[in-house]
Amino acid sequence: MVLKNKHIVLGITGSIAAYKAASLARLLIKEGAEVQIVITPSGKEFITPVTLSALTGKAVVSEFFTANDGTWHSHVDLGLWADMMVVAPATAATIGKMANGIADNMLITTYMSMKAPVLVAPAMDLDMFAHPSTTRNLDILRSYGNVIIEPASGELASHLIGKGRMEEPENIVKSIKEYFEKRDSLSKKKILITAGPTYEKIDPVRFIGNYSSGKMGFALAEECANRGAEVVLIAGPVSLSCKHPNISRINVESADEMYEAATANFKDVDAAILCAAVADFRPVEASDKKIKRQGDNLTLTLVPNKDIAARLGEMKQEHQKMIGFALETNDEERNATDKLRRKNLDYIVLNSLNDAGAGFKVDTNKISILDRSGNRVDFQLKPKAEVAKDIIDTTLL
Ligand code: C5P
């Protein structure tokens, strides 16, 4: 019972679908959850707090203060208490306030104080749902990491037919359970991730580098950690920070240093995701003094770096999975498949510089994932945090 003893704040707003929130509360309690209801003033016009508190066994919270006795309801305490907040039904008005921080009622202040994940189940008439402001506000909520439970299509309270019906309580419970199952899907796993560029020293002030920002690797590290994994993140020189306490970060500069760190840490991991853009060559030796301008041309002799992925591919045990990346400019699929075999990878993530919005520096990526049996899955252009989820769902679960 994944919901046993979970603390769920159920936010109810002023939609006719509020009557279904009573069933939702009941189903959550049946699954073993503790439910605290926070309702907006217009939500109370659709369903009475008495019905809801009788179901949950807890007084319904609606106003900042309880009339007459001066009791203050702390949205901050609720934010800390909750394992999840579910806003169902969520009206266009509430979605707009959540997106824009208009904290004029207890539900929105609770939302803004929430430390836990937030799921939102919109409910409104089809034209309101199709309005560009709703689309934009839902996109904003997604960018905050909130999960939108898409409304269903069908007959609406107005008798019009279209998209906007709040998803049925049984399906909302299913989404909540899936969220928790997914969140814990990598618990007890240890994952090594390489990220960012490497710098290959020419002299004390110059290096050979590349445009990798490390964003994709850091997004993968955050997502693995969010799902309960212990992450060893080996990062080249990047200006990113990671927040999750389950991530141990090892900073390196050159491909050689990354090789040492990766081979030293590979033995006891369950999977390695090799996302770093490792330099293939380095100057044969780094000058210890700044190289002065002399003559017309300067010739640098480069020697190959060790291939980290290929070495880990040799060390790989039966239970370990390895995922590599390929950024190709031509013959994409053939080059990626070659790499997959040569480096003994289980999967290779292909991103192409030919796709606008994909690859280095940008916050989005468009990928395909190839496996050893020749299967290929293509994904849309998405923010890197979403791409990280696709990669993990496809390769690690
Ligand atoms: O051969 P190429 O560099 O394109 O291969 C890309 C894949 O190999 C990536 O997963 C990258 O992190 C990894 N790689 C590596 N060590 C190298 C070069 C690439 O781990 N020296």
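Read-outs: derived from the displayed coordinates by stated rules, not from any lab. Since this is a predicted model, take the numbers as computed values, not measurements. Because the Cβ atoms are built from the backbone with ideal geometry, glycine has one as well, and the counts that use them run over all protein chains shown.
A few notes on this one:
- Placing unit charges on each Cβ (+1 for Lys and Arg, -1 for Asp and Glu) gives region 190-395 a dipole about its Cα centre, and among 264, 226, 209 the Cα reaching farthest toward its positive end belongs to 209.
- Here the chain is assigned +1 on the Cβ of each Lys and Arg and -1 on the Cβ of each Asp and Glu. Its dipole about the Cα centre then comes out at about 500 debye.
- Structural descriptor for region 190-395: relative contact order 20 percent, calculated from alpha carbon pairs under 8 angstrom and at least 6 residues apart.
- Ranked by how many other Cβ atoms sit within 10 Å of their own Cβ, fewest first, the residues 352, 53 fall in the order 53, 352.
- Among the GluC sites (Glu not before Pro) in region 304-397, those located in a DSSP loop and surrounded by at most 10 other Cβ atoms within 10 Å of their own Cβ are 318.
- Candidate lysines - alpha carbon under 19 Å from residue 382, same-chain residues fewer than 8 apart omitted: 215, 361, 366
- Dimensions (Å) - the chain, Cα atoms, principal axes, largest first: 86, 46, 43
- 3J(HN,Hα) along region 82-89: 6, 8, 6, 10, 10, 9, 8, x Hz, from the Karplus curve 6.51 cos²θ - 1.76 cosθ + 1.60 with θ = phi - 60°, whole Hz, x for Gly and Pro.
- From phi via Karplus (6.51, -1.76, 1.60), per-residue ³J(HN,Hα) for region 35-40 in Hz, x at Gly/Pro: 10, 10, 8, 10, 10, 7
- Shape call, region 1-121: gyration tensor on alpha carbons, a/c limit 1.5: rounded
- Counting every other Cβ atom within 10 Å of each residue's Cβ, 201, 4, 215 order from fewest to most as 4, 201, 215.
- Residue-wise HN-Hα coupling along region 181-186, computed from phi with Karplus coefficients 6.51, -1.76, 1.60 (Hz; x: Gly, Pro): 4, 5, 4, 9, 5, 10
- Cα-centred dipole magnitude for region 1-115, charges only on beta-carbon of K, R (+1) and D, E (-1), debye, nearest 20: 360 debye
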